[in-house]
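Chemist: Below: one structure in structure tokens.
The values are calculated or read from the model by the stated rules, or taken from the named source; none is laboratory data. Only a predicted model underlies this, so the values are computations on that prediction, with no experimental measurement involved. Positions of Cβ are generated from backbone atoms using ideal geometry, with glycine treated the same way; all protein chains shown enter the neighbour counts. In case anyone asks, the SASA skips ligands and DNA or RNA and just uses the protein heavy atoms, side chains included. Shrake-Rupley method; radii C 1.70, N 1.55, O 1.52, S 1.80 Å.
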Amino acid sequence: MSEWRDAEEVPLPIPVRVPAREEVEFNRTGLWLTLSRDGRRQRTQVIQYRDLPDGTRAILTIVDWPSPSIPMVWVAWDPDRMSLEYTSREVLATAEAQPREGDAHAIGTGEMLDCFTGDHTTYWPHREVEVRVGGLWRPGRLRCIYRGPRNRAVALVMTSLYEPGWGAWVAFKRMYRWDPAAIRPVRAPDPSS
């Protein structure tokens, strides 16, 4: 994303009510959209999206809430004006589809639970790191390390991965098994260069 400008609305029919829970994209994938509307930045859930014949990807989302009603609007996806974030661990990024040796291990639901009952370190707002995903080092933001017994730990990282289907870098919230060989601090710039 290069700048925050107001989202462009798409003239598609707005549903009379929010679709059923199982039909809402956010409920299946945890997909969040951050956009600007009336000069204010908003983070909101993606209800649906569809590709139009002219190549536009339209996203149905709730805006300006909380409010007494649930105002929905279709907006044109624009990676220069908006950003996306998947919070569900079940949704794999394209780069994660083919794991490579040395990649960070994303833990599954119920895995390494003993790490969440011990000590933890929070990095606010975050610490810049690189995470090995799909055989390459990718940018990430370390938010927290949860420590368990026997030097085991879990790192909460927001990883940015390029998604061809969206034509943009998308944030993925991940819990990785802590491994300094797969998650490393961003190196400081070399002052001699």
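Chemist: How high is the relative contact order of segment 119-193, in percent, with contacts defined as C-alpha pairs under 8 Å that are six or more residues apart?
Modeler: Values: 134 pairs, mean separation 20.5, N = 75.
Reported as a whole number, the value is 27 percent.
Chemist: Let me know the charge dipole size of the chain about its Cα centre in debye, to the nearest 20, where only the beta-carbon of Lys, Arg (+1) and Asp, Glu (-1) is charged. All intermediate terms of the calculation are to be shown ahead of the outcome.
Modeler: Values: 26 positive and 26 negative charges, 141 e Å.
Its charge dipole is roughly 680 debye.
Chemist: How many nm separate the modelled label positions at residue 128 and residue 4, each set 7 Å beyond the Cα in the direction of the Cβ?
Modeler: The two pseudo-label positions are separated by 2.1 nm.
Chemist: Please calculate how many Å² of accessible area segment 1-130 carries per residue, with a 1.4 Å probe and no DNA, RNA or ligand atoms counted. Each step should come with its number before you reach the end.
Modeler: Numbers: 7950 Å² over 130 residues.
I get 61 Å² per residue for segment 1-130.
Chemist: Given a 1.4 Å probe and every protein chain left where it sits, what share in percent of the accessible area of segment 1-62 is carbon and sulfur? Display every interim value, and only then the final one.
Modeler: Values: 1780 of 3850 Å².
That share works out to 46 percent.
Chemist: Say each of residue 166 and residue 91 gets a label point 7 Å from the Cα, pointing the same way as Cα to Cβ; how far apart are those two points in nm?
Modeler: Calculated label separation equals 0.6 nm.
Chemist: Can I ask one more? Among (i) 14.7; (ii) 19.8; (iii) 11.1, find the value of mean projected area of the Cα convex hull in nm² that was calculated from the structure presented, and write down its label.
Modeler: Matching entry in (i) 14.7; (ii) 19.8; (iii) 11.1: (i).
Chemist: Can you tell me the relative contact order of the chain? Whole percent, Cα pairs under 8 Å, sequence separation 6 or more. Write down the numbers at each step before the final one.
Modeler: Details: 395 pairs, mean separation 34.0, N = 193.
Worked out over the chain, it gives 18 percent.
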